[in-house]
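If you scroll down you'll find the structure; I have some questions about it.
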Amino acid sequence: KQWYQRRVAITAGDIHGEKVAKTHKEGDQLDKLLDRMDNPDYRRTVHNEREGEDIVLEDDDVAIIERIRSNAYPDLGYDPYEPYVDFFTNEKQLTPLVDTPEPKRRFIPSKHEHKKVMKIIRAIRNGWIKPKDDTPKKPVYFDLWANKEEPQKHNPMHIPAPKLALPGNEESYNPPAEYLPTQEERDQWENTDEVDRTQNFLPQKYSCLRHVPAYPQLINEKFDRCLDLYLCPRKMKMKLNMNPDDLLPKLPKPKDLKPFPSTKAVKFSDHEGHVYSIDSNKSGEFIVSGGEDKMLRIWESSTGRVLNKIALPDTITSVKWNKVHSMVAAACGNTVYLLNPGLGDRVVVESTNKLLQGLTDIKELDHCRWYPLGNDKDGLRAKLVHNHDINNITWHNNGNYLAVTMRDSQSCPVLIHNVAKNSSQKPFNKSKGQIQQVEFHPSKPFFYVLSQRYVRVYNLVKQAMVRKLICSVKWASCMAIHPKGDNLIVGSYDKALVWFDMDLSVKPYKSLQQHKKAIRDVSFHPRYPLYASSSDDCSTIITHSMVYNDLVKNPLVVPVKVLRGHKVTTKYGVLCNVFHPQQPWIYTGGADGDIWLFV
């Protein structure tokens, strides 16, 4: 609109088609000010936007506007109070205005009204409509102290709050003598926590009612009652008639899942203090153990006889028997000792000696130093000295690689040693969280790293992280990989054990709460579908764990046996376990210094 008005060269046409120039030109504020000062008719001039011209109002027009603004009639000669003239009723007419005959339906009863009336009569006869009862109702009395929990008629879902219990003899100001507490009962009540007390007061005896003091817990009890009334939800629920046995999963019986270890067979008792780690050789004829007494022992598994004892300078935290070579690795403080026990096949023993004799001089690396020990009489052949204490060690299946975990180190938490080449490499420059344990994949070049809440899977060939598993526990303690490599179990200090299906999700497939205390060690059997978990509650639970080749079918996880034989020592129970490589047997080591073989 403003653009149209400010155009100068705009013209219009009349009825004959000739151009007519625009006569009105809108000025600016200065023009309006000059027009206001010079034009005496400025205040009675209005602008006609349709015609585009200014119109000066006459005196009659101004008078009409003033009457309209004062809420008066615009016409000056209009009289609103002139006498009323009745044009229709003042004269009687002889003929009607409409001379049509009356219709027949005005003299016949209505069928529609008849249907309405019959519908109401039918409802009254059937009792659907009841007449209003004007008789006065009698007052209804009810028991004030009755525990009425029936729902109200106008609100079936409402459930009234339960009534308070009626006062008994304990609340009396003059109770019988048998209700008064003795001094022992009074002391026991005072020493008991307020939450565990059966009642909030002690009965007292007064001679008369006016001697009874004010009850100090009155305000607190009334306030708690008010909290119970509005914080406790009361709602009706539909009860399902369901058999509880139908809710339980259909699991096979344990006797149908045999064989699994169930009976104590051999006790290995020579350690003094905690037994932190045990392991078996490839054939299962011998086991090695180490613990708090700084002695590395090699046992004969069938008889429990000690074949060799090797004294080490510090507590032995982890021992692992190489399944390819006749070699045992033992972690002691910040040092890993490599020894040849000289047991088993002579060809394997000699090849292991040749392998370990390749280290002739001291080899110093960035985070590790290799020291040859020669032909020691105890079988020690080499030692690897690190910068921090070692918590866990594990062998690769090919027997040449040894992974070492140092939990307290931030710059070098994991080292992988190549025994054949006498070299070491650091896979991580910095640890992501506190590393608890590492494991090699049984057949693929994957490396599993267990931290406090995650399991990170690395591809050693591509040198990249493949997957990050979420443990859903507060603090993970140990892990074990299924022999097929597609499943993983993780134990935690908060009594939970989680099962991961690597092909399914990064979150646990199943979580089990079987132990009452922290889980210290878990392990899979290399041949049978079994896994074991040991805890500080002095129990080792054997679980049947069948993994099917069919990817559609879920793994079958059924606990079958609870093994007990250790005693709690300094709040610790069973610290380690390992399965026999050939038989469905298991070795368990505890804080009491004993090792049990269950068959």
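Scan the stretch 513-535 residue by residue and report those that are open to solvent by less than 10 Å² (accessible area, probe 1.4 Å) and over 27 Å from the mean Cα position of the chain (by Cα).
Listed by number, the residues that qualify are HIS525, LEU530.
Can I ask one more? Does the stretch 42-52 contain at least one residue that is open to solvent by 90 Å² or more (accessible area, probe 1.4 Å), in contact with a strand residue (DSSP E or B) (Cβ under 6 Å, 6 or more places away or on another chain) and modelled with pLDDT under 85?
For the stretch 42-52, residues open to solvent by 90 Å² or more (accessible area, probe 1.4 Å), in contact with a strand residue (DSSP E or B) (Cβ under 6 Å, 6 or more places away or on another chain) and modelled with pLDDT under 85: absent.
Being open to solvent by 80 Å² or more (accessible area, probe 1.4 Å), at pLDDT below 90, in a loop (DSSP other than H, G, I, E, B) and of a type in the set (Val, Ile, Thr), is that true of even one residue in the stretch 180-195?
No - not one qualifying residue is present in the stretch 180-195.
Does the stretch 385-397 contain any residue that is assigned to a strand (DSSP E or B), without any contact (Cβ under 8 Å) to a residue 60 or more places away in the chain and under 25 Å from SER280 (Cα atoms)?
yes
Might you let me know whether the stretch 83-97 holds any residue that is over 60 Å from the mean Cα position of the chain (by Cα) and modelled with pLDDT of 85 or more?
Yes: the stretch 83-97 contains one or more residues that are over 60 Å from the mean Cα position of the chain (by Cα) and modelled with pLDDT of 85 or more.
Exactly one of (1) under 27 Å from LYS567 (Cα atoms); (2) part of a loop (DSSP other than H, G, I, E, B) is unmet by PRO313. Its number?
It fails just one condition, (1).
Residues being hydroxyl-bearing (Ser, Thr, Tyr) and assigned to a helix (DSSP H, G or I): count how many of those fall in the stretch 323-352.
The number of residues fulfilling the criteria is 2.
Inspect the stretch 255-276 for any residue being open to solvent by 20 Å² or more (accessible area, probe 1.4 Å) and touching a Cys at 6+ places or on another chain (Cβ under 8 Å) and give the result as yes or no.
Among the residues of the stretch 255-276, at least one is open to solvent by 20 Å² or more (accessible area, probe 1.4 Å) and touching a Cys at 6+ places or on another chain (Cβ under 8 Å), which makes the answer yes.
Of all residues in the stretch 385-414, which are among the aliphatic types (A, V, I, L, M) and within 18 Å of PRO341 (Cβ to Cβ)?
ILE393, LEU402
Same structure again: Looking for whichever is at positive phi, basic (Lys, Arg) and open to solvent by 50 Å² or more (accessible area, probe 1.4 Å) here; the options are LYS510, LYS468, LYS495. Which one fits?
That would be LYS495, the only listed residue that is at positive phi, basic (Lys, Arg) and open to solvent by 50 Å² or more (accessible area, probe 1.4 Å).
Considering only the stretch 558-581, I want to know if a residue exists there that is farther than 30 Å from GLY273 by Cβ, out of contact with any strand residue (DSSP E or B) (no Cβ under 6 Å at 6 or more places or on another chain) and of a type outside the set (A, V, I, L, M, F, W, C).
No, there is no match, as no residue in the stretch 558-581 is farther than 30 Å from GLY273 by Cβ, out of contact with any strand residue (DSSP E or B) (no Cβ under 6 Å at 6 or more places or on another chain) and of a type outside the set (A, V, I, L, M, F, W, C).
Among the residues that make up the stretch 336-356, is at least one of them touching a strand residue (DSSP E or B) at 6+ places or on another chain (Cβ under 6 Å), modelled with pLDDT of 90 or more, closer than 16 Å to VAL438 by Cβ and among the hydrophobic types (A, V, I, L, M, F, W, C)?
Checked the stretch 336-356: at least one residue is touching a strand residue (DSSP E or B) at 6+ places or on another chain (Cβ under 6 Å), modelled with pLDDT of 90 or more, closer than 16 Å to VAL438 by Cβ and among the hydrophobic types (A, V, I, L, M, F, W, C).
With in a loop (DSSP other than H, G, I, E, B) and within 39 Å of the chain's Cα centre (by Cα) as the only criterion, which of LYS222, LYS239, LYS255 stands out?
LYS239
Per-residue answers, yes or no, for (1) farther than 27 Å from HIS325 by Cβ; (2) free of Cβ contacts under 8 Å to residues at least 24 places away in the same chain; (3) crowded, with 21+ Cβ neighbours inside 10 Å:
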| site | (1), (2), (3) |
| --- | --- |
| LYS383 | no, no, no |
| ASP408 | yes, yes, no |
| ASN418 | no, yes, no |
| SER431 | yes, yes, no |
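Determine whether the stretch 490-510 contains at least one residue that is free of Cβ contacts under 8 Å to residues at least 60 places away in the same chain and under 18 Å from VAL266 (Cβ atoms).
Looking for residues that are free of Cβ contacts under 8 Å to residues at least 60 places away in the same chain and under 18 Å from VAL266 (Cβ atoms), one finds none in the stretch 490-510, hence no.
Could you run through the stretch 158-172 and say how many residues are in contact with a helix residue (DSSP H, G or I) (Cβ under 6 Å, 6 or more places away or on another chain) and either in a loop (DSSP other than H, G, I, E, B) or surrounded by 13 or more Cβ atoms within 10 Å (Cβ to Cβ) (or both)?
2
Identify all residues within the stretch 100-143 that are outside any loop (DSSP other than H, G, I, E, B) and either open to solvent by 100 Å² or more (accessible area, probe 1.4 Å) or of a type in the set (D, E, K, R) (or both); write none if there are none.
Result: LYS104, ARG105, ARG106, LYS111, HIS112, GLU113, HIS114, LYS115, LYS116, LYS119, ARG122, ARG125.
Checking the conditions here, which among VAL506, VAL522, VAL562 is farther than 23 Å from LEU469 by Cβ and either among the β-branched types (Val, Ile, Thr) or at pLDDT 90 or above (or both)?
Result: VAL562 is the single residue among VAL506, VAL522, VAL562 that is farther than 23 Å from LEU469 by Cβ and either among the β-branched types (Val, Ile, Thr) or at pLDDT 90 or above (or both).
Those residues that are touching a helix residue (DSSP H, G or I) at 6+ places or on another chain (Cβ under 7 Å), within 24 Å of LYS222 (Cα to Cα) and in contact (Cβ under 8 Å) with a residue 12 or more places away in the chain, I need them from the stretch 173-198; list them, please.
Correct list: TYR173, PRO175.
Please enumerate the residues belonging to the stretch 294-309 that are in a loop (DSSP other than H, G, I, E, B) and surrounded by fewer than 18 Cβ atoms within 10 Å (Cβ to Cβ).
LYS294, SER302, THR303, GLY304
A further question on this structure: Go through the stretch 557-577 and count every residue that is part of a strand (DSSP E or B) and over 16 Å from THR543 (Cβ atoms).
Number satisfying all stated conditions: 4.
Could you grab me the full set of residues in the stretch 268-294 that are over 18 Å from GLY342 (Cβ atoms) and aliphatic (A, V, I, L, M)?
Matches in the stretch 268-294: VAL275, ILE278.
Here's something else I'd like to know. Does LYS250 count as closer than 25 Å to VAL562 by Cα, modelled with pLDDT under 90, charged (D, E, K, R) and under 29 Å from the mean Cα position of the chain (by Cα)?
So LYS250 passes the test.
Among the listed residues VAL347, VAL336, VAL324, which satisfies the condition of being open to solvent by 60 Å² or more (accessible area, probe 1.4 Å), in contact (Cβ under 8 Å) with a residue 60 or more places away in the chain and not aromatic (Phe, Trp, Tyr)?
Checking each option against the conditions leaves just VAL324.
Could you tell me which residue of the stretch 536-552 is farthest from LYS255 (Cα to Cα), considering only residues that are among the polar types (S, T, N, Q) and open to solvent by less than 10 Å² (accessible area, probe 1.4 Å)?
Across the stretch 536-552, the extreme among qualifying residues is SER539.
Within the stretch 390-398, does at least one residue satisfy the condition of being β-branched (Val, Ile, Thr) and over 27 Å from SER505 (Cα atoms)?
For the stretch 390-398, residues β-branched (Val, Ile, Thr) and over 27 Å from SER505 (Cα atoms): present.
I've got another one for you. Given the structure, is PRO233 without any contact (Cβ under 8 Å) to a residue 60 or more places away in the chain, more than 29 Å from TYR179 (Cα to Cα) and in a loop (DSSP other than H, G, I, E, B)?
Taking the combined requirement at face value, the residue satisfies it.
The values are calculated or read from the model by the stated rules, or taken from the named source; none is laboratory data. The model shown is predicted, which means the values in this text are computed figures rather than measured ones. All Cβ positions, even for glycine, are placed from backbone atoms using ideal geometry, and neighbour counts span all protein chains on display. Surface areas here come from the heavy atoms of the whole protein model, side chains and all, with no ligands, DNA or RNA. Shrake-Rupley method; radii C 1.70, N 1.55, O 1.52, S 1.80 Å.
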